[in-house]
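The values are calculated or read from the model by the stated rules, or taken from the named source; none is laboratory data. Treat the numbers as computed from the prediction; the structure is a model and nothing was measured. Glycine also receives a Cβ, built like all others from the backbone with ideal geometry; neighbour counts cover every protein chain displayed.
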Amino acid sequence: MNDLYRASEPVTFELNGETVTRSVPAATPLLDLLREDGQCTSVRPGCRIGRCGACNVLMDGQAMPACLIMAWQLPGRRIETVEGLGGDPDFLRVRQALVEESALQCGYCTPGFALSLVSGLRERRQGNPVDLGEAIAGNLCRCTGYGGLKRAVEKHLSPCSSTSSDGGTVSKKQISGEPE
Amino acid sequence: MSSDTPGRIVTLDADAPDGGCPSPELYRRIEGRLGYPTDLFDTPGLLQGAILRSEHAHARLLRVDTSRARTMPGVRAVVTADDVPGLNRFGIVVRDQPVFCEDRVRYEGDAIAAVAADTLAQARAALAAIEVDYEPLSLVTDATTAEQQVPLHEGGNLLTQETFHRGDPEQAFAACAVVVEHDYRTPRQMHAFMETEGGIAIPDDAVGVHFRVGCQSGHRDAEQLADILALAPGQVTVEAMATGGAFGGKDELTVQPAAGILALKTGCPVMIHLDRFESCRAGMKRHPVTVRMTTGCDADGRLLAHRVEAVLDTGAYASLGPAVLENFLDHATAPLYRIGAYSVSGRLVYTNNGVCGAFRGFGGNQATFAVESQLDALARELNLCPRELRRINLRSVDEPGSRHQPVRWTAPPVEVLRQAQASPLWSPEKGSRGRWLTGTGMAMGAQGNGLGDGLPDAGGGRISLSREGRVRVEFGFSDYGQSIGEAITHSVCEVLGCQGSDVEVMLGHSRGPDSGPTSASRSSVLVHGVLNRMLPQWMEAVRRQAAELTGYPGDDLAHGPGGVFHQGRQVLSYRELAEHGRREAMVADASQDFPVAPDQDHPVGRYLQLQIATVARVRVDRLTGRVRVTDLHHITAAGRVIYPPGYLGQIEGAAVMGLGMTLTEDMPAEDGRLRRDNLDQYLIPTFHDAPAQRVDVLDGTPENDPFPVRGVGELGIEAVAPAITAAIEAATGVRIRTLPVEPGVLLTAIHAREVVS
Amino acid sequence: MQSDVTVQPEVAGRGGVRVLRPEFPREAVAMARRFGGTYIAGASWLQPVWERRQSRPSYLVALDPGWPGFRGIEQDEGGLTIGALTTLDELASHPLVHEHLPGLGTLLDQVAGPGVRRLGTVGGNLCAGGDLSALFLALDARLHLVGHHDPKGESLVVWDAADAGFDLIQSVTLPDASPWRIAVDKLGHRERFSPTRATVASVHDGDRLRLAVSGEGGPGRLSISEAALNDGHSLSGADRIHILDTELEFRGWRDPTLRLAIQRMVDYLLAEVGHVL
């Protein structure tokens, strides 16, 4: 029972496809662990109590607020953030839907919304009829009034929307190449 | 514009062809690649700062002992009022707020000391080790009696009072067939931007400080910070970075003074990022207003007399309170309507209830809530349709404004009303029975652009060619998500015939052009005016360079996608121009004063006016009194649309913010203590609280209008609250005059009406 | 009674928090008693409390969803047994729940947000007197507790989270409710992700009606009002209103306008479950 007394212990988990080990106090929130070395600053502290969705990550594929996940809960888990989703077809589809509808303004909350939507699309692939409006019910946006998000979900991400699900949608507005 | 030009009506749809491709900026934001000021953890040598805040809302500071804190692990500096190198005060209008309190604290979030340490945990631990002795003083908590309480500042608790007069109200009231008098209250709304206040201060080689922060006016902040830090203006640089929302709440200095002092003291970059608890406690709020309005009309519904007596609670310090009071009073004169005589007065008072300052709407929407409610009350007394009462009293475009100032509308007000009247939301909702009571209501609002009242209000910009051959457009405005970069790009592309990727917009640098503050819906107007001045100059300069390089006559050259064209063929790309031309010759800048009425020595009010009519449909839960807004239809008259998704997003976003203020948002103060400290208690609308919205644009500005573009950042919040309460009245018969609508109060009234019937 | 418990002072920073990871439930109980530790499952409810007061328990005792019977949903002749460490999200999407409690999914959409529902557990929600409490109380749920002594069963109606000592909820059993009529309604401040002001549940088993509430006044069965509704045929409508109002006030529902709302929600739910007044 000796290890149990240690305040800090190394935790090993998967972050955006890579195995990482960190030695931190057991109650450290994943939010701080991801941000403080500047690696995953898309994970943002909006409230630190799980009530805004700005710090969402995907844990084993499902969106959850990183402020409520403590380091001791991480061993063996798979964590993804938007920094690691560059080639993910669901993320590309979500990204395009958000761009098409200008569903963001300041953008601070947007990675959190994107991950909730990716989480919903993945669940849908497993055969669950997920309502993407419910999937983002825990994300707060103060700028847009959710109009663009509503249009993105209804027009581009509904199960019967015309865009293909492989993320390869080509649009009149899509820009070429890697921006900036 | 003549009064018979109804204008063209268009329903905005984000799908509407806007002729451009989405900004790369959107991709960067979605992918998390846009660094916000509080994300800058990769700054070398970065320390973490934290601020000690007062535990009391009002107290004498007897002792602040930092000796133990200084010895704590990781601590690099502990600073108090004694360490402020220059002026220990800030404030945009009145410099009355201390960076660190000296001998007295005036609200619960007042700053007393700050710590810089290697980690935030160490900084917090050191804060806890600072010993402070307070001697509590009696509290000023009720704004309406504040003037009779213990003074919080020299000169007493009345910060300012102002009255606007027109005609003889007493006589006019005597002639009224109907007079209604009601009291209204609006909440202490919180901005609740998703990125709380923060940023970093970096000491630079020239013994100055470079700030990378979320703020709304780099130039103005740099001036104040130079005074606080006792530095020459040239030693302070403020980079207003793209920030996660502001809405007025980052207009005043936030973390900058403490971060700057700590950076100078330690010689290291220091980040301060308020967490949500601290932001709720210390941050700016919207002024709560208590107002009594008395309004009368003749038997035909013509408005004759209007009296307003308001008290605005500015909290412990002035911030932009005096300007908010002015704008409140301006809107309280009912700018859309002809009223023969009025007396509109307001008092702005100090209390120990937090601090209030700029917030989208800026006092105007609080006034419009009451004014529009009064019109509905008169219509009810006269048994007249509220739309008809408005139609009778609306100004025409040829008339002066409510303060007798010349105004410039973009469409006739009656036409805006006519469009609202034609809204599909007036037809009864299908299947609305059982527990839901449904109703539709509307309200109108006017809103001016610019700082107004003849205040100094100029702005400039610069255009050049970057080394990489992109058209670089610089303005001093901050980007907090209002799509200003996109709007600038669109305008430039339209004139140059180029693509978005040819243009690079740089915003918010205090070393760049001074555009004035990013507030008062002024940016779009200035951007349009300044671009119109400087683009032709710049194009001419570029053509001259191109003529030198190619040998073609300058007059035969034209701008096009990616460069300069001769007879439809590109002869030089911008990159080639940048490489081979003289870049310093291809620079243009311009600035202009904000448009005010011609021939006025002392302008009053606002010249450029916008309008909105908002139609709301609600469902009220008969069981609980809970209100759900199902639809909002806005008819906006705000000039030409430059960037449709931006215009749409501003109206929709402001409207939902207004919906929050109407239904759930308030930061109540009890004994000077703000009662809500995070987003589980202070509840802003979620995706499912947002109604279906439609935004129509009515524009009657002629092609050659000198001011065809207006700023729409605040328009959407103007009429939401009274539209919703009118809809609630249509659904239930109950008129609510205190915001946010308390479901229990509404339910009790519904219940009482049922018992009677 | 708990004399062998060492209560540790709370700590300010997260760095001082120690997480104990017992191998089996009885060890968890022993550790919690020894160190005055706090059980932790999803931590979606406790962490906001700690953040708010910037103070945390020195010892957390981590509960392991892998322990037999602590996670998942099973059906037997006694009804549905739900492991206490089943997340709210798992509960909402479970086929057995869809079959037996079709309204629960709609209620759960209104409990916290989806991310929090993936962390928060059934046991945690009941300990916090959350939205599930009203429904489970009305359904006469039984708790299976692991404590210092032998495992035991206890009715949720008599169980008191504040007085539970170091007893650990292993699972909760809902009786077979498939033939029953069930209605539940939540009043929040906004459409989603709101703390509950009042959640009201009404269950009719074909013979008797049961009523329960949770929210601002705390969780509880409204047994006096139930009796009045089931047996008080001679009572007038005004009497029943008075009884419910008095019972709510006695239970700690101090806001009269909220009691009025509950009153009206109850009337509506009674109609939903087919109870004729």
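Looking across the stretch B:720-757, the residues that are assigned to a loop (DSSP other than H, G, I, E, B) and more than 10 Å from every other protein chain (Cβ to nearest Cβ) come down to B:Gly733, B:Val734, B:Arg735, B:Ile736, B:Arg737, B:Leu739, B:Val741, B:Ser757. The residues of the stretch A:82-92 that are within 12 Å of chain B (Cβ to nearest Cβ) and touching a residue at least 12 places away in the same chain (Cβ under 8 Å), listed by number, are A:Val82, A:Glu83, A:Gly84, A:Leu85, A:Asp88, A:Phe91, A:Leu92. Look at (1) closer than 20 Å to B:Gly733 by Cβ; (2) more than 14 Å from every other protein chain (Cβ to nearest Cβ); (3) touching a Gly at 6+ places or on another chain (Cβ under 6 Å) and you find that B:Val615 fails only one, number (3). Determine if the stretch C:58-69 includes at least one residue that is more than 12 Å from chain A (Cβ to nearest Cβ), within 23 Å of the chain's Cα centre (by Cα), crowded, with 22+ Cβ neighbours inside 10 Å and closer than 30 Å to C:Leu139 by Cα. The answer is no, given that none of the residues of the stretch C:58-69 is more than 12 Å from chain A (Cβ to nearest Cβ), within 23 Å of the chain's Cα centre (by Cα), crowded, with 22+ Cβ neighbours inside 10 Å and closer than 30 Å to C:Leu139 by Cα. Here are some residues: B:Ser501, B:Ser478. Which one is assigned to a loop (DSSP other than H, G, I, E, B) and within 24 Å of B:Tyr36 (Cα to Cα)? After ruling out the rest, the residue left standing is B:Ser478. For the stretch B:156-180, the tally of residues that are assigned to a strand (DSSP E or B) and touching a Lys or Arg at 6+ places or on another chain (Cβ under 7 Å) stands at 3. Determine if the stretch B:127-137 includes at least one residue that is over 30 Å from B:Gly296 (Cα atoms), out of contact with any strand residue (DSSP E or B) (no Cβ under 7 Å at 6 or more places or on another chain) and at pLDDT 95 or above. Taking every residue of the stretch B:127-137 in turn, at least one turns out to be over 30 Å from B:Gly296 (Cα atoms), out of contact with any strand residue (DSSP E or B) (no Cβ under 7 Å at 6 or more places or on another chain) and at pLDDT 95 or above. Remark: C:Asp267 matches the filter, which requires a residue to be in a helix (DSSP H, G or I), within 17 Å of B:Arg435 (Cα to Cα) and among the charged types (D, E, K, R). Identify, please: which residue in the stretch C:30-53 is within 16 Å of C:Ala161 (Cβ to Cβ), not in a loop (DSSP other than H, G, I, E, B) and not small (Gly, Ala, Ser) and is, among those, farthest from the other protein chains (Cβ to nearest Cβ)? For the stretch C:30-53, the residue satisfying everything is C:Tyr39. Give the number of residues within the stretch C:165-190 that are assigned to a loop (DSSP other than H, G, I, E, B), touching a helix residue (DSSP H, G or I) at 6+ places or on another chain (Cβ under 8 Å) and away from chain B (no Cβ under 14 Å). So the count comes out to 5. Give the residues of the stretch B:70-103 that are in contact with a Leu (Cβ under 7 Å, 6 or more places away or on another chain), over 18 Å from B:Ala282 (Cβ atoms) and not in a loop (DSSP other than H, G, I, E, B), sorted by residue number. B:Arg76, B:Ala77 - these are the residues of the stretch B:70-103 that are in contact with a Leu (Cβ under 7 Å, 6 or more places away or on another chain), over 18 Å from B:Ala282 (Cβ atoms) and not in a loop (DSSP other than H, G, I, E, B).
A count restricted to the stretch B:677-690 and to residues that are under 16 Å from B:Leu663 (Cα atoms) and either more than 9 Å from chain C (Cβ to nearest Cβ) or assigned to a loop (DSSP other than H, G, I, E, B) (or both) stands at 9.
Within the span defined as the stretch B:649-666, every residue fails to be more than 27 Å from B:His528 (Cα to Cα) and assigned to a strand (DSSP E or B).
Scanning the stretch B:641-666 for residues that are at the interface with another protein chain (Cβ under 8 Å from one of its Cβ atoms) and modelled with pLDDT under 95, we see that the one that is surrounded by the most Cβ atoms within 10 Å (Cβ to Cβ) is B:Pro645. Within the stretch A:76-105, the only residue that satisfies the criterion of being in a loop (DSSP other than H, G, I, E, B), touching a Ser or Thr at 6+ places or on another chain (Cβ under 6 Å) and under 30 Å from A:Val24 (Cα atoms) is A:Thr81.
Of all the residues in the stretch B:444-471, those that are assigned to a strand (DSSP E or B) and buried (at least 20 other Cβ atoms within 10 Å of the Cβ) number 13. Acidic (Asp, Glu) and modelled with pLDDT under 95: does that describe C:Glu77? So C:Glu77 passes the test.
Under the condition of being crowded, with 19+ Cβ neighbours inside 10 Å, in contact with a Lys or Arg (Cβ under 8 Å, 6 or more places away or on another chain) and among the hydrophobic types (A, V, I, L, M, F, W, C), the residues counted in the stretch C:12-34 number 1. When the stretch C:218-277 is limited to residues that are within 13 Å of chain B (Cβ to nearest Cβ) and among the polar types (S, T, N, Q), the one that is nearest to C:Leu139 (Cα to Cα) turns out to be C:Gln263. The single condition among (1) in contact with a Phe, Trp or Tyr (Cβ under 6 Å, 6 or more places away or on another chain); (2) within 30 Å of B:Pro412 (Cα to Cα) that B:Leu648 does not satisfy is (1).
What about A:Val130, is it among the hydrophobic types (A, V, I, L, M, F, W, C), at the interface with chain B (Cβ under 9 Å from one of its Cβ atoms) and touching a helix residue (DSSP H, G or I) at 6+ places or on another chain (Cβ under 7 Å)? Criteria not met by A:Val130. The sole residue among A:Ile79, A:Ile49, A:Ile69 that is more than 10 Å from every other protein chain (Cβ to nearest Cβ) and surrounded by 22 or more Cβ atoms within 10 Å (Cβ to Cβ) is A:Ile79.
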